[in-house]
Amino acid sequence: MTSRGYVSQDVVVRFAPSPNGLLHLGHAYAACFAHDYARERGGKLLLRIEDIDSGRSKPEFVAAILADLRWLGLDWDDAVIFQSDRLDSYAEAAGRLRQQNLLYPCFCSRSDMRAVFEKQGYDKGPDGPIYPGTCRRLDPDQAAERMKSQPYSWRLDVAKALLLTGDLVWHDARFGDQHAVPAAMGDVVLVPKDTPVSYHLAVTLDDARDGITHVVRGVDLFASTHIHRLLQALLDLPVPHYVHHPVLLDETGSKLAKSRDSASLAVLRNRGVDGKSLIENLRKNIFPVGITLAKD
Ligand code: GLU
């Protein structure tokens with residue numbers, strides 16, 4: 001038992017922002033949703049800072065996240081978790097997948113890909129064009145030679161991985177039982193060229209490590225869950241429940257983005273807006289002018 005009176009098998013939820021920009025109203029909504037989901041069930045809310053991208057993550061954005069959450073009156077439990085403290089565990093897991101021959105080195109650059117897509121067209125996935133598998137077909141000796149001199153990422157061979165795991169299912173509290181279709185995302189990168197680990201691998205490992213029972217996050221990450229489910233099966237990790245909540249849209253009907261500073265929480269906070277009233281309004285689905293909640 002902890003001071004709040006919960007026991008370890010109870011609900012554990014996390015809010016997991018990336019400190020690569022200022023949070024906006026969409027994050028306030030997501031943080032509130034995760035916070036209330038945990039608290040209404042007597043559970044725990046963890047705060048995990050997803051700062052694996054050392055080039056884009058900035059200490060001032062971490063500071064702003066903490067200030068925003070306090071201003072909104074959303075509390076969390078335990079010490080703040082930083083993914084940058086866990087790089088060894090990500091490398092170890094990637095090594096295990098490599099040993100199983102499930103990863104292959106990919107030398108394609110963004111411009112290589114653009115050229116291929118322009119010439120041959122592409123299949124569209126939830127996050128943009130699907131990788132056409134160019135480097136999956138490389139001769140292994142040739143690939144090993146290129147690795148000596150060229151930068152490369154490690155991609156997951158999804159078809160090969162699925163042969164190993166067979167059919168997989170997961171459950172979303174709002175959308176019901178799901179049959180995992182990781183192939184819809186293509187052979188995702190698990191270890192990028194320029195950062196130690198991808199979002200997919202880090203988040204899957206950490207949700208297990210942190211004992212997350214309910215992954216509460218925006219529906220914009222729904223498709224990623226298919227990949228996460230596959231990684232759970234490959235790495236022998238527990239499967240949490242999922243709750244993908246709707247996201248906020250701006251006046252053009254697009255998802256709010258970090259680049260849109262006008263909607264940033266820091267701007268509102270510095271303008272003297274009352275954060276707790278703002279959260280009360282979000283709870284009642286009352287949004288500032290121009291902001292709406294997506295249907296799903
Ligand atoms: N770090 C991710 C983001 O800021 C969210 C991760 C998650 O909730 O799975 O978009």
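The values are calculated or read from the model by the stated rules, or taken from the named source; none is laboratory data. Worth saying up front: this structure is predicted, and the values here are computed from it rather than measured. Virtual Cβ from ideal backbone geometry, glycine too; neighbours counted across all protein chains shown. Keep in mind that these areas ignore ligands, DNA and RNA; they rest on the heavy atoms of the full protein, side chains included. Shrake-Rupley method; radii C 1.70, N 1.55, O 1.52, S 1.80 Å.
At-a-glance table
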quantity	calculated
Carbon + sulfur, % of accessible area of the chain - ligands and nucleic acids excluded, 1.4 Å	52
Within a Gaussian network of the chain (alpha carbon springs, distance under 10 Å), most fluctuating of S149, S18, S277	S149
Helix axis angle, 199-209 relative to the chain longest principal axis, alpha carbon, degrees	60
DSSP beta bridge pairing in the range 131-263, given as percent antiparallel to the nearest 5	55
Gaussian network model of the chain, springs between alpha carbon atoms under 10 Å - residue of A208, A144, A16 with greatest fluctuation	A144
Accessible area in the full protein assembly, largest first, 1.4 Å probe, for D236, D207	D236, D207
Alpha-carbon Debye profile of the range 215-296, log10 I(q)/I(0) at 0.13, 0.16 Å⁻¹	-0.57, -0.76
Unsatisfied cross-links (Cα-Cα over 25 Å) in the set K160/K258; K255/K276; K44/K276; K58/K255	K160/K258
Cysteines in the chain lacking a second Cys C-beta under 4.7 Å	C32, C108
Å² per residue, accessible surface of the chain at 1.4 Å	49
Sequence-separation-based contact order of the chain, relative, with Cα cut under 8 Å and 6+ spacing, percent	23
Degrees between helix 59-72 axis and first principal axis of the chain (Cα, 0 to 90, nearest 10)	40
Cross-link partners of K193 among lysines (Cα-Cα below 18 Å; sequence separation of 8 or more within a chain)	K148
